[in-house]
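Before any comments, here is the structure.
The values are calculated or read from the model by the stated rules, or taken from the named source; none is laboratory data. Note that this is a predicted model, so its numbers are computed, not measured. All Cβ positions, even for glycine, are placed from backbone atoms using ideal geometry, and neighbour counts span all protein chains on display.
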Amino acid sequence: MKINSHCWKVIRIAIISIFFFAGCRATSPPVAFYTLSALQNTGGSSHSDLAIVVGPVSIPQILNRPQIVTQTDANKIVISEYHRWAGNLQEDVERVVAENLGVLLGTDRVTIYSKEDVFDPTYRIVLNVNRFTGNLDQDVQLIVAWTVKEAKGKNVLIFNKSTIRERITSADFQGLVAAQSRALSVLSQEIAESIKRLSENHK
(Lines give C-alpha, C1' and ligand atoms only; values in the text may rest on other atoms or scores of the structure.)
Protein backbone atom coordinates (compact mmCIF):
# COMPACT_ATOMS: atom_id res chain seq x y z
CA MET A 1 0.00 0.00 0.00
CA LYS A 2 1.41 3.38 -1.00
CA ILE A 3 1.48 6.27 1.40
CA ASN A 4 0.70 9.58 -0.20
CA SER A 5 2.83 12.67 0.27
CA HIS A 6 0.42 14.20 2.79
CA CYS A 7 0.68 11.15 5.06
CA TRP A 8 4.48 11.22 4.83
CA LYS A 9 4.43 14.89 5.83
CA VAL A 10 2.28 14.13 8.90
CA ILE A 11 4.56 11.26 9.89
CA ARG A 12 7.68 13.43 9.59
CA ILE A 13 6.10 16.14 11.74
CA ALA A 14 5.14 13.58 14.37
CA ILE A 15 8.67 12.14 14.48
CA ILE A 16 10.25 15.59 14.76
CA SER A 17 7.83 16.51 17.57
CA ILE A 18 8.71 13.35 19.52
CA PHE A 19 12.43 14.10 19.33
CA PHE A 20 11.86 17.78 20.19
CA PHE A 21 9.87 17.08 23.36
CA ALA A 22 12.24 14.29 24.36
CA GLY A 23 15.11 16.74 24.02
CA CYS A 24 13.30 19.34 26.14
CA ARG A 25 12.78 16.82 28.93
CA ALA A 26 16.39 15.71 28.76
CA THR A 27 17.77 19.24 29.06
CA SER A 28 15.42 20.54 31.78
CA PRO A 29 17.35 21.26 35.00
CA PRO A 30 16.52 19.13 38.05
CA VAL A 31 14.24 20.64 40.69
CA ALA A 32 16.01 21.66 43.92
CA PHE A 33 14.14 21.63 47.23
CA TYR A 34 14.77 23.90 50.24
CA THR A 35 13.69 24.27 53.85
CA LEU A 36 14.13 26.98 56.48
CA SER A 37 16.51 26.26 59.36
CA ALA A 38 16.16 26.99 63.08
CA LEU A 39 18.70 28.10 65.67
CA GLN A 40 20.96 25.49 67.22
CA ASN A 41 20.54 24.85 70.92
CA THR A 42 23.41 26.61 72.73
CA GLY A 43 22.32 25.79 76.28
CA GLY A 44 21.06 29.25 77.21
CA SER A 45 19.28 30.36 80.40
CA SER A 46 16.33 28.25 81.48
CA HIS A 47 12.73 29.45 81.58
CA SER A 48 11.31 25.96 81.80
CA ASP A 49 8.10 27.14 83.48
CA LEU A 50 7.05 28.79 80.20
CA ALA A 51 4.81 27.02 77.68
CA ILE A 52 4.35 28.63 74.28
CA VAL A 53 2.03 28.00 71.34
CA VAL A 54 3.04 29.51 67.98
CA GLY A 55 0.20 30.18 65.57
CA PRO A 56 -1.82 30.72 63.68
CA VAL A 57 0.63 32.08 61.11
CA SER A 58 -0.62 33.82 57.98
CA ILE A 59 1.47 34.66 54.91
CA PRO A 60 0.56 36.36 51.61
CA GLN A 61 -1.18 34.02 49.20
CA ILE A 62 1.38 34.71 46.47
CA LEU A 63 4.09 33.18 48.68
CA ASN A 64 2.13 30.16 49.86
CA ARG A 65 2.97 27.94 46.89
CA PRO A 66 5.50 25.18 46.19
CA GLN A 67 7.73 27.45 44.09
CA ILE A 68 10.10 29.93 45.75
CA VAL A 69 9.18 33.53 44.95
CA THR A 70 11.71 36.32 44.50
CA GLN A 71 11.04 40.02 43.95
CA THR A 72 13.19 41.85 41.42
CA ASP A 73 11.66 45.28 41.98
CA ALA A 74 8.66 46.90 43.65
CA ASN A 75 6.16 45.63 41.07
CA LYS A 76 7.72 42.45 39.69
CA ILE A 77 8.01 38.98 41.16
CA VAL A 78 9.58 35.81 39.76
CA ILE A 79 8.20 32.33 40.50
CA SER A 80 10.89 29.66 40.12
CA GLU A 81 9.76 26.30 38.74
CA TYR A 82 13.09 24.63 39.54
CA HIS A 83 13.61 25.91 43.10
CA ARG A 84 10.83 24.81 45.46
CA TRP A 85 9.97 24.45 49.11
CA ALA A 86 10.34 20.92 50.44
CA GLY A 87 7.12 21.43 52.39
CA ASN A 88 4.60 24.17 53.03
CA LEU A 89 6.14 27.64 53.59
CA GLN A 90 3.49 28.71 56.10
CA GLU A 91 4.05 25.58 58.20
CA ASP A 92 7.83 25.96 57.83
CA VAL A 93 7.73 29.50 59.25
CA GLU A 94 5.55 28.29 62.13
CA ARG A 95 7.90 25.38 62.86
CA VAL A 96 11.10 27.45 62.75
CA VAL A 97 9.77 30.21 65.02
CA ALA A 98 8.58 27.57 67.50
CA GLU A 99 11.97 25.82 67.50
CA ASN A 100 13.78 29.15 67.83
CA LEU A 101 11.68 30.19 70.83
CA GLY A 102 12.34 26.87 72.51
CA VAL A 103 16.08 27.49 72.17
CA LEU A 104 15.95 31.17 73.17
CA LEU A 105 13.66 30.61 76.16
CA GLY A 106 15.28 27.38 77.29
CA THR A 107 12.05 25.39 77.33
CA ASP A 108 10.90 22.20 75.66
CA ARG A 109 7.28 23.23 76.01
CA VAL A 110 6.87 25.06 72.72
CA THR A 111 4.51 23.74 70.10
CA ILE A 112 2.63 24.86 67.00
CA TYR A 113 -0.99 25.91 66.72
CA SER A 114 -2.31 22.61 65.35
CA LYS A 115 -0.86 20.69 68.33
CA GLU A 116 -1.64 23.09 71.16
CA ASP A 117 -3.53 20.51 73.21
CA VAL A 118 -0.30 18.77 74.26
CA PHE A 119 0.01 21.10 77.28
CA ASP A 120 -1.58 24.13 78.91
CA PRO A 121 0.21 27.13 77.32
CA THR A 122 1.31 30.31 79.04
CA TYR A 123 1.32 32.47 75.92
CA ARG A 124 0.21 32.24 72.31
CA ILE A 125 2.18 33.92 69.49
CA VAL A 126 0.18 34.99 66.42
CA LEU A 127 2.09 36.02 63.29
CA ASN A 128 0.77 37.94 60.30
CA VAL A 129 3.53 38.00 57.68
CA ASN A 130 3.09 40.85 55.22
CA ARG A 131 6.31 40.37 53.22
CA PHE A 132 8.94 37.64 53.08
CA THR A 133 10.73 38.00 49.75
CA GLY A 134 14.13 38.95 48.44
CA ASN A 135 16.24 39.68 45.40
CA LEU A 136 18.98 37.11 44.83
CA ASP A 137 21.74 39.72 44.57
CA GLN A 138 20.50 42.01 47.37
CA ASP A 139 18.68 41.09 50.57
CA VAL A 140 15.65 39.49 52.17
CA GLN A 141 12.94 41.61 53.74
CA LEU A 142 10.64 40.25 56.43
CA ILE A 143 7.73 42.43 57.54
CA VAL A 144 5.51 40.82 60.14
CA ALA A 145 2.93 41.97 62.68
CA TRP A 146 3.04 39.76 65.76
CA THR A 147 0.94 39.43 68.86
CA VAL A 148 1.59 37.85 72.24
CA LYS A 149 -1.66 36.72 73.81
CA GLU A 150 -2.52 35.36 77.20
CA ALA A 151 -3.41 31.84 76.15
CA LYS A 152 -6.17 31.27 78.72
CA GLY A 153 -7.87 34.65 78.70
CA LYS A 154 -7.10 35.42 75.03
CA ASN A 155 -6.11 38.96 76.07
CA VAL A 156 -3.56 40.74 73.85
CA LEU A 157 -0.50 41.48 75.97
CA ILE A 158 1.84 42.75 73.23
CA PHE A 159 1.27 43.87 69.67
CA ASN A 160 4.29 44.76 67.58
CA LYS A 161 5.45 45.06 63.98
CA SER A 162 8.95 44.04 62.92
CA THR A 163 10.77 44.99 59.73
CA ILE A 164 13.91 42.93 59.27
CA ARG A 165 16.47 42.92 56.46
CA GLU A 166 19.11 40.25 55.98
CA ARG A 167 21.84 40.44 53.36
CA ILE A 168 22.05 37.50 50.94
CA THR A 169 25.68 36.39 51.11
CA SER A 170 25.58 34.19 48.00
CA ALA A 171 23.51 35.18 44.96
CA ASP A 172 21.59 31.93 44.67
CA PHE A 173 18.53 30.26 46.18
CA GLN A 174 20.51 28.58 48.92
CA GLY A 175 21.76 32.00 49.97
CA LEU A 176 18.21 33.38 49.80
CA VAL A 177 16.78 30.67 52.07
CA ALA A 178 19.69 31.02 54.50
CA ALA A 179 18.99 34.78 54.73
CA GLN A 180 15.29 34.07 55.30
CA SER A 181 16.22 31.70 58.13
CA ARG A 182 18.38 34.41 59.72
CA ALA A 183 15.52 36.90 59.43
CA LEU A 184 13.26 34.50 61.32
CA SER A 185 15.97 34.14 63.97
CA VAL A 186 16.01 37.92 64.49
CA LEU A 187 12.22 37.95 64.72
CA SER A 188 12.30 35.08 67.22
CA GLN A 189 14.81 36.97 69.37
CA GLU A 190 12.54 40.02 69.48
CA ILE A 191 9.58 37.87 70.51
CA ALA A 192 11.63 35.95 73.09
CA GLU A 193 12.85 39.15 74.74
CA SER A 194 9.25 40.38 75.02
CA ILE A 195 8.13 37.10 76.58
CA LYS A 196 10.98 37.21 79.10
CA ARG A 197 9.94 40.70 80.19
CA LEU A 198 6.32 39.60 80.48
CA SER A 199 7.16 36.58 82.59
CA GLU A 200 9.39 38.69 84.89
CA ASN A 201 6.61 41.26 85.39
CA HIS A 202 4.06 38.55 86.22
CA LYS A 203 6.17 36.95 88.95
Could we say that Val140 is in contact with a helix residue (DSSP H, G or I) (Cβ under 7 Å, 6 or more places away or on another chain) and either of a type outside the set (Ser, Thr, Tyr) or buried (at least 17 other Cβ atoms within 10 Å of the Cβ) (or both) here? yes
Look through Ser199, Ser170 and report the one residue that is of a type in the set (S, T, N, Q) and in a helix (DSSP H, G or I). Ser199
Could you say which residue among Asn130, Asn155, Asn160 is surrounded by fewer than 17 Cβ atoms within 10 Å (Cβ to Cβ), more than 21 Å from Asp108 (Cα to Cα) and touching a Phe, Trp or Tyr at 6+ places or on another chain (Cβ under 7 Å)? Asn160
Given (1) at pLDDT 95 or above; (2) under 26 Å from Gln189 (Cα atoms), identify the lone condition not met by Phe33. (2)
How many residues, within the range 69-102, are in contact (Cβ under 8 Å) with a residue 60 or more places away in the chain, farther than 22 Å from Ala145 by Cα and either buried (at least 20 other Cβ atoms within 10 Å of the Cβ) or in contact with a helix residue (DSSP H, G or I) (Cβ under 6 Å, 6 or more places away or on another chain) (or both)? 1
In the list Leu136, Leu187, which residue meets the criterion of being in a loop (DSSP other than H, G, I, E, B) and not acidic (Asp, Glu)? Leu136
Among Ala178, Ala145, which is in a helix (DSSP H, G or I), at pLDDT 95 or above, out of contact with any His (no Cβ under 6 Å at 6 or more places or on another chain) and not hydroxyl-bearing (Ser, Thr, Tyr)? Ala178
Exactly one condition in (1) modelled with pLDDT under 70; (2) exposed (fewer than 13 other Cβ atoms within 10 Å of the Cβ) is false for His47; which is it? (2)
Checking Tyr113 against (1) at pLDDT below 90; (2) under 20 Å from Asn41 (Cβ atoms); (3) in contact with a helix residue (DSSP H, G or I) (Cβ under 8 Å, 6 or more places away or on another chain), which test does it fail? (2)
